[in-house]
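What follows is a single structure, written as structure tokens, with notes after it.
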Amino acid sequence: MTIAQRLFVPVAGPFLPQRLTRLIIGLLIFGVGTGLMVQSDLGLSPWDVLHQGLSKNFGLTVGRWTIIVSFIVLILWLPIRERYGLGTLANAILIGLSVDATIAVVAIPDTIGPRAMLMVVGIISVGFASGLYIGAALGPGPRDGLMTGLARRGPSIRITRFGIEAFVLAIGWFLGGTVGLGTVLFAVFIGPLVQFFLQRLSFEKVKVQ
């Protein structure tokens, strides 16, 4: 097996045009959902608490930090021998761009009702978008790949995910990222939402070696 084959999952398999379309749409919607949660100012997912905290302390936008952190995480894939996919690289770039575009267009509401609506729509959008891009089977996102790669070498996925997200949440909170009701609701509902949408949006019989 060549170095390229060891590092990259080939873009192949049935329904490729449809899967590519779903991948791109899913990643863009994911960024929109994240941007809506940022503008709700009611709490973010653990990784986005980190991105926002970095933005507040070191400049650059939340979306740009999303991209930067994604590529740092991808470097961490090398020792655990995770394979990059087209979806992995697209995830690292498109979500951050979409986050910044959404923040630029959507203002933070003055009252709690509209802010709560942004939070709820944001969480649902992220769940729906995850079903689209994961179901496309074109490579995991940087953070998902880190979690599954580490889990294969020790603790269960549940414990690994909890440990990673608790770590980045603590750093993000220390840096001033927004932790609140949205953080709690995201933690509670994102798993069931992703499962619900993935069961309905994934392509069957897609296997890429």
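The values are calculated or read from the model by the stated rules, or taken from the named source; none is laboratory data. Note that the structure is predicted; figures quoted are calculated from it, not measured. No Cβ is skipped: glycine too gets one built from the backbone with ideal geometry, and neighbour counts run over all protein chains shown.
Quick notes on this structure:
- Segment 56-70, residues that are surrounded by fewer than 17 Cβ atoms within 10 Å (Cβ to Cβ) and either assigned to a helix (DSSP H, G or I) or among the hydrophobic types (A, V, I, L, M, F, W, C) (or both): Lys56, Asn57, Phe58, Leu60, Ile68
- Residue check, Ile159 outside any loop (DSSP other than H, G, I, E, B), within 18 Å of Trp47 (Cα to Cα), among the aliphatic types (A, V, I, L, M) and free of Cβ contacts under 8 Å to residues at least 60 places away in the same chain: yes
- Hits in segment 133-156 (condition: under 19 Å from Gln195 (Cα atoms), assigned to a helix (DSSP H, G or I), of a type in the set (A, V, I, L, M) and touching a residue at least 24 places away in the same chain (Cβ under 8 Å)): Ile134
- Leu118 vs. criteria farther than 22 Å from Val11 by Cα, assigned to a helix (DSSP H, G or I), out of contact with any strand residue (DSSP E or B) (no Cβ under 6 Å at 6 or more places or on another chain) and at pLDDT 95 or above: yes
- Only one entry in Thr66, Thr111, Thr88, Thr61 is touching a His at 6+ places or on another chain (Cβ under 7 Å) and not small (Gly, Ala, Ser), namely Thr66.
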